[in-house]
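Where a number appears in this text, it was derived from the coordinates with a stated rule and is not lab data. Worth saying up front: this structure is predicted, and the values here are computed from it rather than measured. Note that we place each Cβ from the backbone using ideal geometry, even for glycine, and neighbour counts take in every protein chain shown.
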Amino acid sequence: MITLSTIRLHYSTFVNFASMIYRMLTSVGFLVIIARRLSTEEFGLWGIIFSIVAMLLMPTSLWTMWLQRFYARGYREALGTALFFSIVYSFISLLVYVMLAYFENSILSWGLDYMLLGSFILLLRIFDTCFSSVANVTKPEIVGYKNFIYETLRLSLTYFFVILLNMKLSGAIISVELSLAIGLLYTITMLYRNGLLMIKFSQNLAIQWLKSFYIPLLNTFLGILRNGLRAFVSWITASEVTIAYLNVGFASESPLIRAYYSVVPALYARSLRRPRSEDLEESLRLFFLFSGFLLVNFTVLSKTIASMFNPTYIKAFFLIPLVAFYAVILGLMNIFNTFILGSSRADVEGLKSHKELIKSHLFKLPTVKLLGLLFTYVLLLMFLPLVRGDHLLEAMVAVITLFVGNIVIFPYFSYELNKMTRYNFPWNELFHVSIASVTAGLYYIFSGAYTIEIRSFWKDAPQLGFHVAVATILYILTLYMTSKWFRSLVWRAISYIIEER
């Protein structure tokens, strides 16, 4: 039985964060390969495929939300029940995906074969989400280790298929599919080894979840709208070039989202069992630690990062810091959201009262998030037609509306959190991280690193890598000198390593 004490907040967070850093590095290699080897149109179609996959993946939250909450509280048959729903949905989602593929092909007049090939990504991610949901609330580090495997395979297979075999977009798609399949196999194996793989269907749980489907349905709509943004923009603009620019801008989103994803699994798992303000405060400190350095990189080095994809995309550099600031706000809001949802006790004894569920944060929080995103889409429909034809402006409007949609609802989450628990916001650590981030940023400016353009990747990228390494050392040293908390964290990590040996 997994208990509060067996879920290690620091250990699982650092494993997941290390996998996030590794993902950031390998993603650079992966995106550089496809951005430089694919045409602008192919790179745009790549973003559309993944937007549709992510959009259709979201209905899995109708059962994975309950899977996590019930499994964490001892209902072992929750996994088998969720797996049953996943199998049924895989057939439904595949049909919808094929229909959307034909619709997209009618708009762009090409790309149907690539989109149909990408359908296997959707199927693999449906089952990966199911099994990873169990790992997240039992042993969150399993997901981190799986990500190491996935990222390593994705980069190496992409190099093999796209560069060596010159398979271009089809090679990139196949690389992702093979990597997902092996990562899924690893997750299943580790759950089995830890005695967490109990495949037993419960009709009682299935009925409870179906009767209360309206709670996670809000998150489903929310995810469909958020992940479907690029596909939606392509339908309005009828252009894959706009999506190619958005792909560059959203390069900063993934690492920063991973920064809070590395924090929230352990926080959620512990909050489901016993919510503690100390866990929330520590999670916020860890998020600031991770996101501070990332934010300064994406802000100061935005032109350099854009050129890394392809010099063609340098003019889209300003989208990178815009997305980065949006992602930081989103990350902070989602940490608040995670703690509040984990602390909710409306379903602790099962799903018995619909009235109590509707009054709970399980319903109210996703409703507010959905309203914020609907506001974003209203702004898109208002302003995108005004700049239609200017693909760079279209991409900028899409990012700004996302930012605005999150800013307007952020105060509500802060208000609800303060009502629920008394905690001390870690202003002190935020201040120290800010000092360290500014130090790293000043180094980039005075060293001239921000002026580097990656024209020839193998010639120019090592120079950038050197500057990032120096800035990382400066960031860590500055934090070590100014932050007592960070010094304590470092020595705890060293002590753990010594004890393990």
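Below, the figures for the structure above:
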{"read-out": "Residue order, fewest to most beta carbons within 10 Å, for Trp46, Trp110, Trp491", "value": "Trp491, Trp110, Trp46"}
{"read-out": "Extended-chain gain in nm, criterion 0.36 nm per residue less alpha-carbon gap, Arg492 and Ser106", "value": "133.2 nm"}
{"read-out": "Dipole magnitude of region 222-351, debye to nearest 20 (Cβ charges: Lys/Arg +1, Asp/Glu -1, about Cα centre)", "value": "120 debye"}
{"read-out": "Computed [θ] at 222 nm, helices only, for the chain once each DSSP H run of length n ≥ 4 contributes -39500 (n - 2.57)", "value": "-26500 deg cm²/dmol"}
{"read-out": "Percentage of interatomic Cα-Cα distances in region 128-225 larger than 16 Å", "value": "67 percent"}
{"read-out": "Sum of side-chain charges, Ala35 neighbourhood, beta-carbon under 13 Å (Lys, Arg +1; Asp, Glu -1)", "value": "+1"}
{"read-out": "Net charge of neighbours whose Cβ lies under 15 Å from the Cβ of Asn297, counting Lys and Arg as +1 and Asp and Glu as -1", "value": "+2"}
{"read-out": "Region 147-189, relative contact order [Cα under 8 Å, separation at least 6], %", "value": "47 percent"}
{"read-out": "Computed P(r) (all Cα pairs; region 7-129; 5 Å bins; percent)", "value": "2, 10, 15, 14, 16, 16, 13, 8, 4, 2, 0"}
{"read-out": "Positive-pole candidate from Thr312, Tyr443, Ser19, dipole of the chain, charges at beta carbon", "value": "Ser19"}
{"read-out": "Sequence-separation-based contact order of region 4-425, relative, with Cα cut under 8 Å and 6+ spacing, percent", "value": "23 percent"}
{"read-out": "Radius 13 Å from Cβ of Gly47, net charge of other residues (Lys, Arg +1; Asp, Glu -1)", "value": "-4"}
{"read-out": "Neighbour-count ranking [beta-carbon atoms within 10 angstrom, fewest first] of Glu104, Glu453", "value": "Glu453, Glu104"}
{"read-out": "Sorted by Cβ neighbour density within 10 Å, fewest at the top, the residues Arg193, Arg23, Arg270", "value": "Arg193, Arg23, Arg270"}
{"read-out": "Distance (nanometres) between label positions extended 7 Å along Cα→Cβ at Phe446 and Leu164", "value": "4.5 nm"}
